[in-house]
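The values are calculated or read from the model by the stated rules, or taken from the named source; none is laboratory data. Note that the structure is predicted; figures quoted are calculated from it, not measured. Cβ placement follows ideal geometry from the backbone for every residue including glycine, while neighbour counts extend to all protein chains displayed.
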Amino acid sequence: MPSISVIIPTYNRPRQLAMCLGALEGLDFPRAQFEVIVVDDGGSVPVRLVIDELSLSLEVTLIRQDNAGPGAARNTGAQRARGPCLVFLDDDCLPEPGWLGALAARLEKGWPEAVAGKTVNGCSDNLYDCVSHLLSYHQYDRYKNEPAAVEFLATNNLAMQTDLFRAAGGFRTDLTLAYEDREFCDRWLRLGYRLTYVPEAVVRHCRSMTLRSFCRQHWTYGRMASHYYSLARNRVHRRLPQMYLDVARRALHEHKGWNQPQILALLAASQVMAASGFVLERLRELRAGRTEQGRLQSNTPGRLDDH
């Protein structure tokens, strides 16, 4: 039996998946101690052909489901996992050789915690990737000096004990496109478990974004944020102005060359797109709520007079 189950959700990204599986081949970790579960989230690309063409020495299980989003795909993989520990990895991430060993060393302590490694930008010459990375991982450096402050860990490099994940209820499947990881972390902390940052477990995140995919991503983040904040209204208190200031400071510190104005402009554009997605999704929800309320009222029988 494997001690670790590595779960990779994928959707129509055969090149990225092939590179991810190739990187797993290079891990400094005994093959017999981990399995790989790839969950095809209803894509049109035949994933089986991608896996067979690689001639892998890894133990890879392929599961296909109807398109339901990455959170549902991770839940599907976790249901089939045989290992007592789960590790979630995205198909566009390339783990370093010591990645799984670093996570395993922490999991072996048996503490009730979820642990995440360090994610570095694998496309540093792509300005869109640089901005998305800043927004996604700006708080991780703070975690090294303030371990008690960890409140969010991304699911592209996350591990925990299988029984704790199942007891927590897995990921919400109604957050189909984003924010399922933030909601999970909120719930995880409320259950009394810990979140721990393990910077020795490194993966390279290679999105290779374009302007179109960059705008679509942050529009989607805004839409899903509308659902997330409805769920977490009484539980989270995000310091958004401070967060944006921190991101801008880090951008100025890390990007001091010719591309600094472009980086700052893209940061602003990302927030415009996210805000637009948030507002329009909230308006759509309000309209849908009024329509449903009107339907219920029209179906409610009137009261008869008593005389």
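Only residues that are over 18 Å from the mean Cα position of the chain (by Cα) and either assigned to a loop (DSSP other than H, G, I, E, B) or in contact (Cβ under 8 Å) with a residue 12 or more places away in the chain (or both) were counted across the stretch 144-160, and they come to 3.
A single entry from Asp181, Asp125, Asp92 fulfils the requirement of being more than 25 Å from Asp40 (Cα to Cα) and either touching a helix residue (DSSP H, G or I) at 6+ places or on another chain (Cβ under 6 Å) or not aliphatic (A, V, I, L, M) (or both): Asp125.
Would you mind stating whether Phe171 is part of a loop (DSSP other than H, G, I, E, B), modelled with pLDDT of 95 or more, touching a Lys or Arg at 6+ places or on another chain (Cβ under 8 Å) and on the phi < 0 side of the Ramachandran plot? In short, yes. Could you give every pair whose Cβ atoms fall below 9 Å, whose first residue belongs to the stretch 263-292 and is closer than 30 Å to Cys130 by Cβ, and whose second residue is crowded, with 17+ Cβ neighbours inside 10 Å and basic (Lys, Arg), counting only separations of at least 6 or pairs across chains? Matching pairs, first to second residue: Ala274/Arg223; Gly277/Arg223; Phe278/Arg223; Leu280/Arg223; Glu281/Arg223.
What do you reckon, is Tyr244 hydroxyl-bearing (Ser, Thr, Tyr), more than 30 Å from Arg15 (Cα to Cα) and either part of a helix (DSSP H, G or I) or at pLDDT below 90 (or both)? Yes, satisfied.
The criterion of being among the basic types (Lys, Arg) and within 15 Å of the chain's Cα centre (by Cα) holds for Arg207. Residues that are buried (at least 18 other Cβ atoms within 10 Å of the Cβ), modelled with pLDDT of 90 or more and part of a loop (DSSP other than H, G, I, E, B) within the stretch 174-205 comprise just one, Tyr193. Among all residues of the stretch 277-285, there is at least one that is modelled with pLDDT under 85, surrounded by 12 or more Cβ atoms within 10 Å (Cβ to Cβ) and in a helix (DSSP H, G or I). Would you mind stating whether Leu86 is in contact with a helix residue (DSSP H, G or I) (Cβ under 6 Å, 6 or more places away or on another chain), at pLDDT 95 or above, of a type outside the set (Ser, Thr, Tyr) and farther than 27 Å from Ala167 by Cβ? When the stated conditions are applied, Leu86 does not pass them. For the condition modelled with pLDDT of 95 or more, of a type in the set (Asp, Glu) and under 21 Å from Pro9 (Cβ atoms), Asp91 qualifies.
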